[in-house]
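Trainee: Got a structure for you, questions after.
The values are calculated or read from the model by the stated rules, or taken from the named source; none is laboratory data. What you see is a predicted model, and the numbers here were worked out from it, not measured in a lab. Because the Cβ atoms are built from the backbone with ideal geometry, glycine has one as well, and the counts that use them run over all protein chains shown.
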Amino acid sequence: MSKKVIVTAAVHPFLLETLEQKGFELCYEPTIDYDQLSLKIKNAVGLIVTTRLRIDAQLIEVAKELKWIGRLGSGMELIDTVAAQSKGILCVSSPEGNCTAVGEHSLGLLLNLMHRIHRAYGEIKMGQWIRDANRGDELTGKKVGIIGFGHTGSAFAKVLTGFGVELLAHDIHPNALGFQQFPEAKKVQLGAILEQAEVISLHLPLTTETKHFANSGFFEQLKQQPYFISTCRGGVTDTPALLKALQNQQIRGAGLDVLENERLDTYNPAEKANLEALLAYPNFILTPHIAGYSHEAYYKMSKILLEKLGII
């Protein structure tokens, strides 16, 4: 019987070494495309993926010997888990591995915006020493709204604990992890966050329900001109709506680690115009989907995934 495992992304050496030590036939293909995977997956028992490839029902149907799919990190939106489960295929992810990195990165984006660090540094590079216009806002004592209170939302709450903020948390799951870890957080409806929060941070998976969750209607309901942070999935935020929110000063600033389309070389004229307009704002910060990509998370995601699969 085959013990072939296909790894479709760059991973920590620990994962590759452990699989080999456990007797698996390793097929390390970090640049494999969908069609190539369709040909090679026929006799594979295991599959390791990230966010690069869609594992749909058609692909799963081809994988006659597949026993498990391991998703490094969080979010299963690219895997047809229903089709996999119908074939008895175990699907696991490892959000515990990179949630700390995401929480810290979210805080970094927020403090950068609130204290005008990115903006002031850009001005200094242009020979400008501007103080009054760069007077910052303190995070301490603010009302922070966390939308999505699972692994990453609770990790963000953890790094906020030293700032004396008031946590307003919303999640469709009443027993979400964050409510268990932070009983002091106020469990509120979305409307309370839109009305009261001075900071809003999104920590949602991308689903049909959350697609463009942060849309024009969302931003129009904001009452406190909050700072807006998103380190979850680009599709959760409607890019033109975000741009409009900045233009209309519905938000005080925006810090993103994700975009709806992260392949910049494929942008159409409208996408290019929107991104250029966002980047022109001094109160906008964007990083290239690296929030959960720390050196430590790179290892922890692999270790946790292997533990959940019962390999170690």
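Trainee: Look through GLU61, GLU77, GLU20 and report the one residue that is assigned to a loop (DSSP other than H, G, I, E, B), charged (D, E, K, R) and out of contact with any Lys or Arg (no Cβ under 6 Å at 6 or more places or on another chain). Show your work before the answer.
Mentor: On the way: GLU61 fails: assigned to a loop (DSSP other than H, G, I, E, B); GLU20 fails: assigned to a loop (DSSP other than H, G, I, E, B).
Exactly one residue qualifies, and that residue is GLU77.
Trainee: While we're on this one: Name, by its number, the condition in (1) surrounded by fewer than 16 Cβ atoms within 10 Å (Cβ to Cβ); (2) more than 19 Å from THR287 (Cβ to Cβ) that does not hold for ARG52.
Mentor: (2)
Trainee: Note down all Cβ pairs under 8 Å where the first residue falls in the stretch 117-132 and is at negative phi, the second is in a loop (DSSP other than H, G, I, E, B), and they're at least six residues apart or on different chains.
Mentor: HIS118/PRO282; ARG119/PRO282; ARG119/ASN283; ALA120/ILE130; GLY122/PRO282; GLU123/TRP129; GLU123/ILE130
Trainee: Then there is this: Could you check, for the stretch 203-220, whether at least one of its residues is part of a loop (DSSP other than H, G, I, E, B), touching a residue at least 24 places away in the same chain (Cβ under 8 Å) and of a type in the set (Lys, Arg)?
Mentor: Within the stretch 203-220, one or more residues are part of a loop (DSSP other than H, G, I, E, B), touching a residue at least 24 places away in the same chain (Cβ under 8 Å) and of a type in the set (Lys, Arg).
Trainee: Something else about it: Quick check on the stretch 155-191: of everything there that is surrounded by fewer than 16 Cβ atoms within 10 Å (Cβ to Cβ) and of a type in the set (Val, Ile, Thr), which residue is farthest from PRO95 (Cα to Cα)?
Mentor: Step by step, filter the stretch 155-191, then rank; the result is THR161.
Trainee: Moving on. Name the pairs: first residue in the stretch 236-258 and farther than 20 Å from PRO269 by Cβ, second residue among the basic types (Lys, Arg), Cβ to Cβ under 7 Å, at least 6 apart or on different chains?
Mentor: VAL258/ARG233
Trainee: I'm told SER230 meets every condition in (1) free of Cβ contacts under 8 Å to residues at least 40 places away in the same chain; (2) over 20 Å from VAL102 (Cβ atoms) except one. Can you identify the failing condition by its number?
Mentor: (2)
Trainee: LYS67 passes all but one of (1) in the same structural domain as SER154 (by TED's automatic domain parsing); (2) touching a Gly at 6+ places or on another chain (Cβ under 7 Å); which number fails?
Mentor: Unmet condition: (1).
Trainee: Hey, which of the helices (runs of 4 or more DSSP H) in the stretch 229-309, taking only ones fully inside, have at least 1 residues that are more than 22 Å from ALA10 (Cβ to Cβ), modelled with pLDDT of 95 or more and assigned by TED's automatic domain parsing to the domain that holds PHE213?
Mentor: Details: elements: 239-247, 269-279, 295-308.
Passing ranges, in order: 239-247, 269-279.
Trainee: In this structure, does LYS223 turn out to be in the same structural domain as GLU198 (by TED's automatic domain parsing), basic (Lys, Arg), modelled with pLDDT of 95 or more and assigned to a helix (DSSP H, G or I)?
Mentor: Numbers: in the same structural domain as GLU198 (by TED's automatic domain parsing): yes; basic (Lys, Arg): yes; modelled with pLDDT of 95 or more: yes; assigned to a helix (DSSP H, G or I): no.
So LYS223 fails the test.
Trainee: Okay, next question. Tell me which of these ALA197 doesn't satisfy, since it passes every other one: (1) touching a helix residue (DSSP H, G or I) at 6+ places or on another chain (Cβ under 7 Å); (2) free of Cβ contacts under 8 Å to residues at least 60 places away in the same chain; (3) crowded, with 23+ Cβ neighbours inside 10 Å.
Mentor: ALA197 satisfies every listed condition except (1).
Trainee: Same structure again: Among the listed residues THR81, THR51, which satisfies the condition of being free of Cβ contacts under 8 Å to residues at least 24 places away in the same chain and closer than 17 Å to THR207 by Cα? So that I can check it myself, show each step before the final result.
Mentor: Numbers: THR51 fails: free of Cβ contacts under 8 Å to residues at least 24 places away in the same chain.
The match here is THR81.
Trainee: Hey, among GLU104, GLU138, GLU96, GLU123, which residue is of a type in the set (Asp, Glu), modelled with pLDDT of 95 or more and outside any helix (DSSP H, G or I)? Walk me through how you get there before you give the answer.
Mentor: Values: GLU104 fails: outside any helix (DSSP H, G or I); GLU96 fails: outside any helix (DSSP H, G or I); GLU123 fails: outside any helix (DSSP H, G or I).
Within the list GLU104, GLU138, GLU96, GLU123, the selection yields GLU138.
Trainee: Looking only at the stretch 259-288, filter to residues that are under 19 Å from the mean Cα position of the chain (by Cα) and in contact (Cβ under 8 Å) with a residue 60 or more places away in the chain; which one of those is nearest to GLY234 (Cα to Cα)?
Mentor: THR287
Trainee: A follow-up question, please. What is the residue count in the stretch 46-59 for residues that are of a type in the set (Val, Ile, Thr) and either within 17 Å of the chain's Cα centre (by Cα) or more than 26 Å from HIS12 (Cβ to Cβ) (or both)? Show your work before the answer.
Mentor: Kept after step one, since they are of a type in the set (Val, Ile, Thr), are these residues of the stretch 46-59: 48-51, 55.
Subsequent filtering for residues that are either within 17 Å of the chain's Cα centre (by Cα) or more than 26 Å from HIS12 (Cβ to Cβ) (or both) retains 49-51.
Qualifying residue count for the region: 3.
Trainee: Restricting attention to the stretch 2-48, which residues are exposed (fewer than 14 other Cβ atoms within 10 Å of the Cβ), of a type in the set (A, V, I, L, M) and in contact (Cβ under 8 Å) with a residue 12 or more places away in the chain?
Mentor: ALA10
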